[in-house]
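Read the structure below first, then the notes.
Computed from the coordinates by the stated procedures, all read-outs in this text should not be read as laboratory data. Computed from a prediction, not measured in an experiment: that's the story for all the values here. Counting neighbours? That spans all protein chains shown, and the Cβs are built from the backbone with ideal geometry, glycine included.
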Amino acid sequence: MTSLTDRKNAAISRGVGMATQIYADRTENAEIWDKHGRRYIDFAAGIAVVNTGHRHPKVIAAVKEQLDRFTHTCHQVVPYENYVHLAERLNALAPGKFAKKTIFVTTGAEAVENAVKIARAATGRQAIIAFGGGFHGRTFMGMALTGKVVPYKVGFGSMPADVFHAPFPIELHGVSVEQSLAALRKLFAADVDPGRVAAIIIEPVQGEGGFYPAPTAFMKALREICDQYGILLIADEVQTGFARTGKLFAMEHHAIAPDLTTMAKSLAGGFPLAAVTGRAEIMDAPGPGGLGGTYGGSPIGIAAAHAVLDVIEEEQLCERANQLGSRLKQRLASIREKVPEIVDIRGPGFMNAVEFNDVTTNQPSADFANKVRLNALERGLILLTCGTHGNVIRFLAPITIQDEVFAEALDILEASIVEARS
Ligand SMILES: Cc1ncc(COP(=O)(O)O)c(C=O)c1O
């Protein structure tokens, strides 16, 4: 009999990578059961999509109710009130004490594309600055902005012009805030006149790039640079949003507001929905018909997102994220005492990561991180790696995870890390 893996390999492009060979059958909150009835604890959450857990009852109830009324009219043809209401809610919730407007699209990459379109239309400028190690999606502008060549850009030809990269400040890897800002100033002197720059786009905590939080001093300096040169600041909150970092949006940690915020993933708790929210006058720069898309703001995604926002508030998921994150980091700190490969434990709220080096070379060890991941998978815990060097394990468990499931996962994690040493 042909295995599912063989069928997958025969039927699907290898370009779609797969972190596991588990075929999902059923999910609930932080657990996944596969086709053979084997249970896994999910510390990936569909890559940061189900912060409110798999199939949260409130999200599912909202979706079921919507299914019984209508599933698609295209908001650009026959609009619906829920779309308007969700925009009102996001305008009120997104960082920044100024009038805001929102558009809905379907994926994170599409949100990024649209933020760039809006920034260009609003400023009449072309250039965009992003950061090394950043990830912004797999469309052409998303790829161009992404600060990692393999596997995201290799073989895909010329990237859109006028995209520049500055180094992201990571003290652990020898790049201080001052060095990063100096590199930005050098970019302005050597490569692009700041008067031509439409926007700077940054993840408040780099996601795929390794879960490195941007220091507040850096964010404040970026805001000042943007104000000085009339550049817009775009916060890509696709991975950091919706209580993951202990705040609804990660930018709230810095007490400065971006001009535009991109969001997706956990916005709709497992249904495809993305958004751009920003200063009203900037959001209005593109002309009618310049923004949108057939499925943008699907009624199902919109209904789910309303429920997600309710759940985050009712279940106090920002506080819960902080509690879970500190328990995870404490446990990792105690594991570190016997595992010298651990060189860093970090991350705000429940957006945490552990980074590994080889003890003999003191160089990043993707091999060690991968061993931990595979050991955990064997024991029934799904983990994801990340980072430019692939030596980071990132933790993205649902914030609704039950205490006993969380405790079980921490025991598996410890055993998996310790075993990776042997
Ligand atoms: C920060 C960030 N931006 C954009 C994207 C792209 O989102 P999507 O995969 O929904 O297109 C991602 C996806 O991981 C992301 O983490």
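In straight Cα distance, which aspartates and glutamates are under 20 Å from Lys148, not counting same-chain residues fewer than 8 positions off?
Filter leaves Glu110, Glu113, Asp162, Glu171, Asp191, Glu203, Glu208, Asp236, Glu237, Glu355, Asp367.
If neighbour count is taken as other Cβ atoms inside 10 Å, put Tyr83, Tyr229 in order from fewest to most.
Ranking Tyr83, Tyr229 by Cβ neighbours within 10 Å, fewest first, gives Tyr229, Tyr83.
For segment 61-198, what is the convex hull (Cα atoms) projected area averaged across all directions, in square nanometres?
In nm², the orientation-averaged hull projection of segment 61-198 is 12.5.
Are there trypsin sites (Lys or Arg not before Pro) in segment 1-95 that DSSP puts in a loop and that have at most 12 other Cβ atoms within 10 Å, and which ones?
Answer in residue order: Arg14, Lys35, Arg38, Arg69.
What lysines could a cross-link reach from Lys35, if we take a straight Cα to Cα line under 21 Å and drop same-chain neighbours fewer than 8 places away?
Straight-distance partners of Lys35: Lys8.
Please list 3J(HN,Hα) in residue order for segment 202-214, calculated via the Karplus relation 6.51 cos²θ - 1.76 cosθ + 1.60 where θ = phi - 60°; whole Hz, with x for glycine and proline.
These are the phi-based 3J(HN,Hα) values: 8, 8, x, 10, 4, x, 3, x, x, 6, 9, x, 6 Hz.
Can you tell me which of Thr20, Thr71, Thr360 moves the most in a GNM of the chain? Springs connect C-alpha atoms under 10 Å apart.
Thr360
Mind jotting down the distance between the C-alpha centroids of segment 92-128 and segment 29-48, whole Å?
Centre-to-centre (Cα) distance: 33 Å.
Can you work out the FRET efficiency for the pair Leu374 and His72, with r the C-beta to C-beta distance and R0 = 51 Å, to the nearest 0.05?
Numbers: r = 41 Å, r/R0 = 0.81.
According to the calculation, E is roughly 0.80.
Once you sort the root eigenvalues of the Cα gyration tensor of segment 135-202 as a ≥ b ≥ c, which label holds: rounded (a/c under 1.5), prolate (a/b larger than b/c) or oblate (the other case)?
Since a/c reaches 1.5 but b/c is at least a/b, the shape of segment 135-202 is classed as oblate.
Between Gln239 and residues 5 or more places away or on another chain, which pairs have amide H atoms under 5 Å apart, with H built 1.01 Å from N, and which residues are they?
none
I need Phe135, Phe271, Phe168, Phe242 ordered by Cβ neighbour count within 10 Å, fewest first.
Sorted ascending by nearby Cβ count, the order is Phe271, Phe168, Phe135, Phe242.
Post the alpha-carbon centroid distance, segment 58-87 to segment 215-273, in whole angstrom.
26 Å
Hey, in the GNM for the chain with a 10 angstrom Cα cutoff, which one of Leu309, Leu410, Leu273 fluctuates hardest?
Leu410
By count of other Cβ within 10 Å, fewest leading, how are Thr106, Thr400 ordered?
Ranked by crowding around the Cβ, least crowded first: Thr106, Thr400.
Return the percentage of antiparallel bridges among DSSP beta bridges fully within the chain, rounded to the nearest 5 %.
Within the chain, antiparallel bridges account for around 65 percent of the total.
Cβ under 14 Å from Thr52's Cβ, Thr52 left aside: what net charge do those residues give with Lys, Arg +1 and Asp, Glu -1?
Residues near Thr52 contribute -1 overall.
What are the radius of gyration and Dmax of segment 1-121, computed over its Cα atoms and given in Å?
When restricted to Cα atoms, segment 1-121 yields Rg and Dmax of 19.3, 61 Å.
Evaluate the distance, in nm, between pseudo-label points positioned 7 Å from the Cα of Lys220 and of Gln363 along their respective Cα→Cβ axes.
3.9 nm
Cross-link partners among lysines for Lys338, C-alpha distance below 30 Å, same-chain residues fewer than 8 apart left out?
Within the straight-line cut-off, Lys338 pairs with Lys329, Lys371.
Note the per residue figure in Å³ for the convex hull of the C-alpha positions in segment 234-353.
Measuring per residue, one finds 133 Å³ for the Cα hull of segment 234-353.
Where does the charge balance sit around Leu410 when Lys and Arg score +1, Asp and Glu -1, over other residues with C-beta under 13 Å from its C-beta?
Overall, the nearby charge balance is -1.
Could you give the C-alpha radius of gyration of segment 308-412 expressed as a fraction of 2.2 N^0.38 Å, taking N as the number of residues it contains?
On the way: Rg = 14.5 Å, N = 105, 2.2 N^0.38 = 12.9 Å.
The reported ratio for this selection is 1.12.
Could you tell me the largest-minus-smallest coordinate of the C-alpha atoms of segment 60-314 on each of the three principal axes, in descending order and whole angstroms?
Computed over the Cα atoms, the extents are 57, 40, 36 Å.
Need the C-alpha centroid separation for segment 162-189 versus segment 323-401, integer Å.
Taking the Cα centre of each part, segment 162-189 and segment 323-401 sit 26 Å apart.
Counting helices only, and only those DSSP H runs with n ≥ 4, report the 222 nm mean residue ellipticity of the chain as the sum of -39,500 (n - 2.57) divided by its residues, in deg cm²/dmol to the nearest 500. Write out the running numbers ahead of the final one.
Details: 13 runs with 158 residues, N = 422.
Calculated mean residue ellipticity at 222 nm is -11500 deg cm²/dmol.
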